[in-house]
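Working notes, structure below.
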Amino acid sequence: LSGSGVYEVGLADASGQILFAPTVPDAQQLTLTITAPNHPSVEHTITAAGDEPFLTVEAFAIDDDAMPPSAGNGNGEVGAGECIELYATLHNHGGSEASGVVATLSATSPHVTILDPTATYGTLAAGTEATNDVPFVFEVDVDCPPDEWLLLTLAAEDDATGLWTETLSIAVLAPGPCVYNYAFEETVGNGDGIVDPGEEIAIRIYVKNEGSGVLGPLSAELTSSDPYVEILQAFADLDASLAPGEIALLTPSVEVEIDAACPETGYCTLDIVFEHADGTAEDSFLLAIGELGFTDDMESGQGDWTHSGPNDRWHLTDYRKHSGTYSWYCGEITQEYLNNTNASLTSASFVVPEAAELSFWSYFDVTIYGVDGLFVEAWRDGLWETLDFLGSGGALDSTLFAVDWAEYTYDLSGWTPGSTARVRFRFVSDAVDTDEGCYVDDVVIRGREAGGTREPGRVIALSLSPAAPNPSPGATAWRLALPEPAPVRARVYDAGGRLVRHLVAGPLTAGEHLLRWDGRDADGSPSPGGIYFLRLRAGNQHRLGRVVLIRR
């Protein structure tokens, strides 16, 4: 049991009960935390009040519509440049009434201007609550950065000697539209599913809200400075609203024509400007021209593969294969490799696709003793780099081992789209012991899908993600998923059980929400390094989060 300090700590008896008789020096809100080994903790809030009135902020709500005195976009969130009406519900936990209650709103945040700081509540009888009829009004600076926390102080006093102060933390949210994915079709072309010079293309663009606030209806305009691109249809719209993380299709499709003189393999850059109620945003994406990457199933002969090196025995064989009839093999026709081999099988140059990925199938059977096996290497930016080594490297006498056909994949998304590269498979062996060796089949370098046009999944259970980042030098956030609307209270405590910060106190809608903490206490001062806990209550359910602050 804790409040301004830790008052009682104890163990429940066999029936699960414990009796506390704390001495609490004054009226305050206490936190009861119940723990058990290998179980999540449970937390309850208890208000300790005597015969005198004791007021707390039970909940608060905002109004950001366009009806004065508020002036905003009406999405129920605080955004930069908006004028906000604030309604706060006060509850009297004490044993007697508080009469003539007047509350005053002030701000320590530099991005807030209080326009109407006072509200009258009248008389609150013991155990009752009231909400101001005339709102507090404050304005958020237009240049307030997104995800900034506004620290507001609500001081309530009655016509006697009572004075109660509480800090409200309100996040400034902002949407973040971006191009999530796209799909295209040839409206004028050869219908091969590849964008070629001289073709006209219709592009369906999927937009994602990667910001923290709701993204309202928007319009989008496609542009390009690429000399080989002519915009035929530039405009598209989104009529719906997107919550953070949601994805939707813009309509109609935008359309472009690729000049016949455009190089046959490469990329065109397309730019897009989003306009919405909260401002504008820009993004761009790459449209692949021609067939990028590399594909070879080894069924059409040697093709553009080259091979060389000491004891080079690379050749096409039908002895083993993953698919079709042939694979590449480094060894004698008796299906045995030579000692002291260092032979490379190198692909032709190819144009790197966006979000590139290398995959191939390999079979190898080499000795464990010594170092025999296959280096997977790539040439880019003038250098060969090693992606992997498949083979032996132990010292287990002359015991042999065999590995059947398996697929290997490598993330090449850090490579520059449109640049040229090559891959090679370099088989090496030492001076002792040999076996069958390595086969390579079905080599593919392609662009990975960006995730498809999936719809966000429906939340089916309450969940609280781990803090990210964690450890953190300051700000961090937890992602809360609510299966249904619920009253939510989220608070940050230090390792000693002392309340550091209120994050949420009020109803939240079903879906995903970010619970952000800027690493500061209720007064706006940076919290010292150490372990902190997020205590979350949603309806009658509880969750616990943890984060480590690292101060340098």
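Numbers at a glance
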| quantity | calculated |
| --- | --- |
| Portion, in percent, of the accessible area of the chain that falls on carbon or sulfur, probe 1.4 Å | 50 percent |
| Cα gyration tensor, the chain - rounded (a/c under 1.5), prolate or oblate | oblate |
| Contour minus Cα-Cα distance for TYR87 and GLU52 (0.36 nm per residue) | 10.1 nm |
| Proximal charge balance of TYR532 [Cβ under 11 Å; K/R count +1, D/E count -1] | +3 |
| Percent RCO, i.e. relative contact order, over the chain, from Cα pairs under 8 Å lying at least 6 residues apart | 10 percent |
| Net +/- balance of residues flanking ALA477 in space, Cβ distance below 10 Å, scoring K and R +1, D and E -1 | 0 |
| Model label zone, ASP404; criterion: amide N under 18 Å from point 7 Å along Cα-to-beta-carbon; scope segment 322-362 | 322-324, 361-362 |
| Label-to-label distance, nm, for residues given as THR167 and VAL142 (7 Å Cα→Cβ offset) | 3.1 nm |
| Phi to ³J(HN,Hα) by Karplus 6.51 cos²θ - 1.76 cosθ + 1.60 over segment 238-243, Hz, x for Gly, Pro | 10, 8, 8, 9, 10, 6 |
| The chain - charge dipole about Cα centre, Lys and Arg +1 at Cβ, Asp and Glu -1, debye rounded to 20 | 2180 debye |
| Over segment 148-296: Kirkwood hydrodynamic radius from C-alpha pairwise inverse distances, Å | 18.0 Å |
| Of ILE46, ILE445, LEU215, farthest towards positive along the dipole that unit charges on Lys, Arg, Asp, Glu beta carbons give the chain | ILE46 |
| Cβ-based net charge around GLY95, under 11 Å, with every Lys or Arg adding one and every Asp or Glu removing one | -3 |
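The values are calculated or read from the model by the stated rules, or taken from the named source; none is laboratory data. All values reported here derive from a predicted model rather than from experimental measurement. Here Cβ is always computed from backbone atoms with ideal geometry, including for glycine, and neighbour counts include all displayed protein chains. The accessibility values were calculated without ligands, DNA or RNA, using every heavy atom of the protein model including side chains. Shrake-Rupley method; radii C 1.70, N 1.55, O 1.52, S 1.80 Å.
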